Structure formats: C-alpha cells, structure tokens
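Only one structure is covered here, and it is reproduced in the block below.
The values are calculated or read from the model by the stated rules, or taken from the named source; none is laboratory data. These numbers were taken from a predicted model, which means no experiment stands behind them. All Cβ positions, glycine included, derive from the backbone under ideal geometry; neighbour counts span all protein chains shown.
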Amino acid sequence: MIPANRRGIAARYGSINARDDGGANFLFSFVAEALHENVQKPISVRAALASTAPLGSALVQGWVRTRRDAKAFSFLEVNDGSCLRNLQVIAPAALANYAEVQHLITGASVAVRGSLVASQGQGQKWELSAEEVTIVGPSDAAYPLQKKGHTPEFLREIAHLRPRSNLFGAVFRMRSRLAFAVHRFFNEREFVYLHAPIITGSDCEGAGEMFRVTTIDPAAAPKAPDGSVDFSKDFFGRPTYLTVSGQLEAEAFACALSRVYTFGPTFRAENSNTSRHASEFWMIEPEMAFCDLAGDMDLAEDFVKALIREARTGSAEDLELFAKFVDKELIARLDFVLERPFQRVSYAEAVKLLAESGKAFEHPVAYGTNLQSEHERYLTEVVFKCPVTLFNYPKEIKPFYMRLNDDDKTVTAMDVLVPGIGEIVGGSQREERPDFLEASIRRHGLDPADYRWYLDLRRWGTVPHAGFGLGFERVLMFATGVSNIRDVIPFARTPGNAAF
Ligand code: 4AD
Ligand code: MG
C-alpha cells in the first residue's frame, strides 16, 4: 500500500470541482482521508519558519496573501494566522495545475506540500519549494481585503474577514495569550476559577443598566392588576437579566474557598457610545477572604503588571507591528508601567489636585462627583505620569456593597487608572458587618429581602474580604495601543450595533 503522505494531498481537500456536487464529495474524501492513520500532519507557518533544519516534506495550509509570477515560478505568500509573517511558497511551472496556480488571487485557501529549504531571497530564512499545490477554496476580485492598508472603521464593517488582516491577527493572538496569562496568574496564587452565572436576578452595581432576559411575548404579556407586566409568570418566575458582574456570587464562593476569580462575559445596557465601553465585554473578578483594601490594591497592581509583562514578552513581531502602525509610544509605555510602583492617592486628594491644576475641564471637578475619563487621564498622564490607584471614594457615588470607613463619609473603593485609557480596574473591600450592610442596602433604595442570601454570608462566618474587576478589553487596548474597544473584541456589541 502506498502511504497516504505519498499519495498526494488533493484527495483530502477534494478537487476544486467537488464544489459542483454541492460539497458532498469534498466532505466524503476529507473524512475518509482524515481517518487514515498515515495522513501527513500539516505544520503551521509559525512552526515552519521556526524550523532549525530543512524539512524533506512539509504540508502547510493557509490563505494566499499575494502572488507574483517570475519566469519559471510563481511566488505565493501564504498566511495561516499562526504568526504575523507569511511563508513564501515557490510553485514551479512544472506543477500539473500550474495554470490554475497562476490564477490564484488574494484570499484563496491552499494546501501546499513540498520541502522546506533555505530561502534564496531576502527577508526570510525558509521557504517552501512546492511539489503539490492544492487550491482548497478560490477567491475573486471582490475579496475586500487587499494589500493596501485599511482603516479600522472599514474593517469593522467586515468583522468576519478582519481577522485575516495583519493587525487583527496580532490583536487576537495577543488576546488569547493574555487570557491564558490570566489563568496562570491566579493558578500560581492558589485561586479557584469560578464560573459565575450569566443569567441573574440581581443588579450588582445598582446602576440599572441591565439587559432583561425573558421568554414573554411582548404582544401577549401577562399583566399584573396594576397593568404592568407580570414577570412572576416569566420563565424563571421572576425578573431576570444578563449579569453586570459576577462579584456577588464570587463573594459566596470566596467565603468558602478563600480565593476565587471569575473570567467571563459581562453585559451592560449603558447607552454610552465611547471608545472604552462595550455592551458585552469580558471581566476578571478576583475575590479574597481575609483581605482588606491594601491587600486588594496590591493584588490589582501585581495583576496589571503581570499582564503587561506578558504582553511585553510576547511575540516580538506582533509588538513591533503595534509599535509601528498603532502607537509609536507603546513599548516605552509598557516598560514604564513595569518599572514603577503605581501611585496611590485618595479620592479627596485627587479632587484637590485636579481643582488646583488650573486646567479647564469639560466637566467641572467637585468633591462628591464621579471622576470623568478626562480627569482620570489627567491624573495619570499629566500629574503623576504613571498608573494611579485612587481609593476611599464618597459613599454616595459607589455601590451598596463597599465597606464604610470610620469617617462615615467614604467607602473602601479603589480604581486603577492608566494613561491613555483611564479606569482599568474597579474594586473594593466589602461590607462584612451585617448591620452596616443592611443599612447600606436601604440607603441605596434597595430592598434587603432581595439580598437575603447575600446578607446570609455576613450572618454566618463573616470575614473581611475584598476583590476587584478588571476589564479585559481595556487591558488589551493598553497592551496593543489600539484605541477603540471595538477593535480588541472579536464581534463588538455596542449601542445600535450587533451585526455579525
Ligand atoms: O468598576 P466596575 O463597574 O466594577 C464592578 O463591576 C465590580 N463588581 C468589580 C468587583 O469589584 N468585582 O467594572 C470593573 C471594570 C472597569 O474598571 C472597567 O475596566 C471594566 O470593568 N468595564 C468595562 N469595560 C468595557 N465596557 C464597559 N461597558 C465596561 N464597564 C466596566
Ligand atoms: Mg468602576
């Protein structure tokens, strides 16, 4: 029997004509071949380029970025997303389907078998000398991604194709890398990974910015006597929403497993069209029992630095791309953050500094109001020129769960602000005293009956505990220099936009 890797690769992908039979042939031959144990395993472009020696036979699969023809050859630049760089393929005129190869166009998918040899040309160590080029899926002149650079705005309109561009390939490799680093960071510190529910009945942040989850038909909604919709007849027998935070659930688990973290999708129906807000984003929320505000600030600083360090030591060529085309200051800024302790300043002090700065802000600064992004950025970029951890905010502007300080005016909140973005982390020590918590719930106009289980955590075995939430996309923006949150999340959901 002829080993499969000598029988040619065309059969695994079906011939190009297989499309004519509606794809049945294609699938059949693909499955039949894949089941064959001797099928040659493809290698990634990244692995091929990193090879330490020539390879007698290598199979590479990917998408054609460009083709140019010489006298006796066609040069294909093939990219498979495993790294920024393309693999140069030399397709000789002797190929049986050379005429078809010469019609290959940007966007087509190919499988190439050949030998990996030292490149004659400039700019790459290895190239693939093709013995067989299978055209898996053709492209045509309407393919929207051409060699010239495209604007992020244009690429957002083709969100399904933009991962095939250099920039988005690099962004999403970084996203994957940092997600992995999140788990490593907490795993090394004995945190337990918790999957908080996505459907919830409670508004953790108390801001009322929740997406309702319902199976009620709006055209035939059950009504209460007062004419309002009767959600007790809804699927869950009560009103439910998409979660704005897994914190309350994380607190329950921290009060048992000591150190936990969540990492999952988070939803906010906040109608703010800014470059830093998404309606669906990913948040990491650690929660620690037997921990106070200082311990919380320490962890947040270590965590942000660990992610920046990961970004800094990641793929050098991806970083170079960001530094060249996205943000010239990127590398310097990452190094700067790694080298310095974050500045810790109380909210009161920060307001004083802003008020005394003489700078004319669009939103005036006053004690007792929320800091706006322009204020946050001024503190990090102008006043301190480094990340800043603000703490002890007025109780009136923070959610019910934060621990009241002895001054009776402020709560143990903390926010980490970074240059270029503003708030990246928000957290606090939690109110662990049952009577104080109940009073705070009432003060916020909430009903303690809705927080029974949460109050129970204080009733039995209460402990000082603290945690924070880090916006994953905001870290990605900081790590890549990409200035719009829509460009660091695969398919952005923002007000008025859930296409794709
Ligand atoms: O400050 P926030 O609202 O805090 C909480 O949700 C707490 N429950 C966290 C905790 O203590 N466990 O949100 C935390 C972070 C923000 O600092 C920001 O980085 C990010 O989540 N974030 C958003 N990111 C993108 N789009 C939005 N609409 C965001 N809202 C918050
Ligand atoms: Mg916040």
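Considering the range 404-446, the residues that are among the small types (Gly, Ala, Ser) and more than 30 Å from PRO341 (Cβ to Cβ) include one that is farthest from ligand 1 (Cβ to nearest atom), namely ALA439. For the range 101-148, the set of residues classified as in contact with a Leu (Cβ under 9 Å, 6 or more places away or on another chain) and closer than 30 Å to GLY481 by Cα consists of THR106, GLY107, GLN124, LYS125, TYR143, PRO144, LEU145, listed by residue number. Scan the range 455-470 and give yes if some residue there is touching a strand residue (DSSP E or B) at 6+ places or on another chain (Cβ under 7 Å), more than 23 Å from CYS255 (Cβ to Cβ) and modelled with pLDDT of 95 or more, otherwise no. Taking every residue of the range 455-470 in turn, none turns out to be touching a strand residue (DSSP E or B) at 6+ places or on another chain (Cβ under 7 Å), more than 23 Å from CYS255 (Cβ to Cβ) and modelled with pLDDT of 95 or more. Residues considered: LEU379, LEU353, LEU371. Of these, the only one that is farther than 19 Å from ASP298 by Cα and more than 16 Å from ligand 1 (Cβ to nearest atom) is LEU353. Pairs meeting the criteria (first residue in the range 171-195 and within 18 Å of ALA250 (Cβ to Cβ), second residue buried (at least 20 other Cβ atoms within 10 Å of the Cβ) and of a type in the set (Asp, Glu), beta carbons under 8 Å, at least 6 apart or on different chains) are LEU194/GLU249. Here is the figure for the range 223-249: residues that are more than 16 Å from ligand 2 (Cβ to nearest atom) and among the aliphatic types (A, V, I, L, M) total 3. Show the residue pairs that are 6+ apart or on different chains and have beta-carbon atoms under 7 Å apart, the first residue being within the range 117-142 and within 12 Å of GLY107 (Cβ to Cβ), the second being of a type outside the set (A, V, I, L, M) and assigned to a loop (DSSP other than H, G, I, E, B). Note: pairs meeting the criteria are SER139/THR106; SER139/GLY107. With respect to the stated conditions, GLY471 fails to be small (Gly, Ala, Ser), within 16 Å of ligand 1 (Cβ to nearest atom) and under 24 Å from ALA348 (Cα atoms).
For the range 390-420, taking the residues that are in a strand (DSSP E or B) and away from ligand 2 (no atom under 15 Å from the Cβ), the one that is surrounded by the most Cβ atoms within 10 Å (Cβ to Cβ) is identified as THR410.
Give the range 322-361 a look and list any residue that's touching a residue at least 12 places away in the same chain (Cβ under 8 Å), in a loop (DSSP other than H, G, I, E, B) and of a type outside the set (Gly, Ala, Ser), or say none. The answer is ASP327, GLU329, ARG340, PRO341, PHE342, LYS359, PHE361. None of ASP318, ASP292 is more than 16 Å from ligand 2 (Cβ to nearest atom), at pLDDT 95 or above and more than 19 Å from GLU431 (Cα to Cα) except ASP318.
Cβ separations smaller than 8 Å between residues 6+ apart or across chains give the following pairs from the range 421-433 residues that are within 15 Å of ligand 2 (Cβ to nearest atom) and at pLDDT 95 or above to residues that are among the aromatic types (Phe, Trp, Tyr) and part of a strand (DSSP E or B): VAL425/PHE468; GLY426/PHE468; GLY427/PHE468; SER428/PHE468. Given the criteria touching an Asp or Glu at 6+ places or on another chain (Cβ under 7 Å) and within 16 Å of ligand 2 (Cβ to nearest atom), does PRO448 qualify? Here the answer is no, as PRO448 does not meet what is asked.
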